[in-house]
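Participant: So that we are looking at the same thing, I have put the structure below in structure tokens.
The values are calculated or read from the model by the stated rules, or taken from the named source; none is laboratory data. All values derive from a computational prediction rather than experimental measurement. Cβ sites come from the backbone with ideal geometry, for glycine too, and all protein chains shown count toward neighbours. Keep in mind that these areas ignore ligands, DNA and RNA; they rest on the heavy atoms of the full protein, side chains included. Shrake-Rupley method; radii C 1.70, N 1.55, O 1.52, S 1.80 Å.
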There are 2 protein chains.
Amino acid sequence: MKLTDMTLTAFSDLLASDAPAPGGGSAAALGGALGTALTGMVASLTVGKKKYAEHEELMQEIIAGAEAVRRQFVDVIARDTEAFNGVSAVFTMPKDTDGQKAARKQAMQQALQACTLTPFEMMCCALSALELTGRALGKSNTNAASDLGVAALNLKAAVQGAWLNILINISGIEDQEFVAKYRSEGEAILAKALPLADHIYETVLSSL
Amino acid sequence: MKLTDMTLTAFSDLLASDAPAPGGGSAAALGGALGTALTGMVASLTVGKKKYAEHEELMQEIIAGAEAVRRQFVDVIARDTEAFNGVSAVFTMPKDTDGQKAARKQAMQQALQACTLTPFEMMCCALSALELTGRALGKSNTNAASDLGVAALNLKAAVQGAWLNILINISGIEDQEFVAKYRSEGEAILAKALPLADHIYETVLSSL
């Protein structure tokens, strides 16, 4: 069964089990999807209201943008677990001959790279969603202020959680060009995303 | 349909919609459930392994503790939205006579108090789960280190998200004793939970 077709209860049960996947990667993606959903919800609760009429166009942009990012986040929930399963599959490969050992090693390197790409995609999604959330700040329905704050908190957890998943996977990757690329691009995203998330949370907090 | 019986996709769709509930409260509870699930998973991936034999008893305690907290978090996902629906229901009450106005006002005060109790319960759950996560730190399967970090991140987002929900609801509550109680108890939980969550994340980060 596709992970995203599971009920919340069943997914939570499976996550808690001793099955190594789904794990933190898929959980981070789901958290990101929830955060992005809340940003879309807040914009949806703002459109069509006289008080916020001047921000109507912005809110429509935020709704459309959040919808696209949310769909990508939901999509990567299952893809991250599939990538992880690719690593597990390598452990079942034979390692009796030198040729088998070489094939196994190459497969592991490819699997670890795949496990780096899915959390990197989550980091990109989280930054996009945080930028949308930041644009909604101060211009959206104040009755839903706490929801905007929760969006930022979940997106911060998603970007940091994805980063931990990148770090644990690149520690086993030998291609140093690949490692350097994702380390520096990940750090660049964190440098933008974390202060933005904190700014949104602090602004909401001080408004309540 | 009960929220927790919805699929991940359907819940994400509903959260993103212009329905004001479910909102940030239920999303925070789900994030907390995911974080707690990961702590239980990490402990489950540690038991029965020679390398961690000395921590077997601790891990069994963490599994049992996380299971109880996770079930409470899952349970409060739906209850928080029900509490919010209680506020919405008050808006449908008649307000033509003085008696109706008084009944409406009293019902609103009760509904806002109910909407304070569910996020407060989440804060208590998140602190318990963070304490369990902290006990697993440095003693659990290092292959799942990133999962322990994601647990802490999700639990931090849950405790802060619940706090925003408390603040937005107590702003409308007239009973100042109630307000003071939940404000001070919430602040006390934050004072314990946030440094603990940061400590766990930083420790995991520096280990990767």
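Participant: Report, for B:Met1, each distance to the same residue's label point in the other copies, shortest first and in nm; define the point 7 Å along Cα→Cβ.
Facilitator: Label-point distances to the other copies, shortest first: 1.2 nm.
Participant: Where Lys and Arg each count +1 and Asp and Glu each count -1, what net charge lies around A:Gly23 among other residues with Cβ under 12 Å from its Cβ?
Facilitator: Numbers: positive: none; negative: A:Asp18, A:Asp80, B:Asp147.
The answer is -3.
Participant: Put a label point 7 Å from Cα along the Cβ direction on B:Lys105, then list its distances to the equivalent points in the other copies in nm, shortest first.
Facilitator: 7.9
Participant: Round to a whole angstrom and tell me the spacing of the C-alpha centers of region B:151-178 and region B:78-120.
Facilitator: Here the two parts' Cα centres lie 18 Å apart.
Participant: Keeping all protein chains in place, calculate the accessible area per residue for the protein assembly as shown (probe 1.4 angstrom), answer in Å².
Facilitator: Details: 17080 Å² over 416 residues.
Per-residue value: 41 Å².
Participant: Please list, or write none, the lysines whose alpha carbon is within less than 16 Å of the alpha carbon of B:Lys105, excluding same-chain residues fewer than 8 places away.
Facilitator: B:Lys105 reaches B:Lys95.
Participant: For B:Asn143 and A:Lys50, what is the calculated FRET efficiency with R₀ set at 45 Å and r taken between the beta-carbons, to the nearest 0.05? Kindly include the intermediate steps, with their values, before the conclusion.
Facilitator: Values: r = 56 Å, r/R0 = 1.24.
For R0 = 45 Å, the calculated efficiency reads 0.20.
Participant: Report the closest approach of any chain B C-beta to the axis of the B-to-A rotation: residue and distance, in whole angstrom.
Facilitator: Whole-Å result, nearest residue of chain B to the axis: B:Ala157, 2.
Participant: Among the lysines, which have Cα under 20 Å from the Cα of B:Lys181 when same-chain residues fewer than 8 positions away are ignored?
Facilitator: B:Lys192
Participant: Cross-link candidates for B:Lys51: which lysines have Cα within less than 17 Å, leaving aside residues fewer than 8 places away along the same chain?
Facilitator: B:Lys139
Participant: Next up: Given the Cα-Cα distance of B:Thr97 and B:Glu202 and 0.36 nm per residue of separation, how much length would full extension add, in nm?
Facilitator: Numbers: separation 105, 0.36 × 105 = 37.80 nm, distance 5.86 nm.
Going from the current span to full extension adds 31.9 nm.
Participant: A follow-up question, please. Loop-only check: which trypsin sites (Lys or Arg not before Pro) in region A:20-125 are DSSP coil with at most 16 other Cβ within 10 angstrom? Present the calculation step by step, with values, prior to reporting the outcome.
Facilitator: Details: sites: A:Lys49, A:Lys50, A:Lys51, A:Arg70, A:Arg71, A:Arg79, A:Lys95, A:Lys101, A:Arg104, A:Lys105; in loops: A:Lys49, A:Lys95.
Within region A:20-125, the qualifying trypsin sites (Lys or Arg not before Pro) (loop, at most 16 other Cβ atoms within 10 Å) are A:Lys49, A:Lys95.
Participant: Would you mind counting up the charge near B:Glu56? Only other residues with Cβ under 15 Å from its Cβ, with Lys and Arg at +1 and Asp and Glu at -1. Present the calculation step by step, with values, prior to reporting the outcome.
Facilitator: Values: positive: B:Lys49, B:Lys50, B:Lys51, B:Arg135, B:Lys139; negative: A:Asp18, B:Glu54, B:Glu57, B:Glu61.
My count for the surroundings of B:Glu56 gives +1.
Participant: Quick one: net charge of B:Asp98's neighbours, Cβ under 13 Å, K/R +1, D/E -1?
Facilitator: Cβ neighbours under 13 Å give a net charge of +3.
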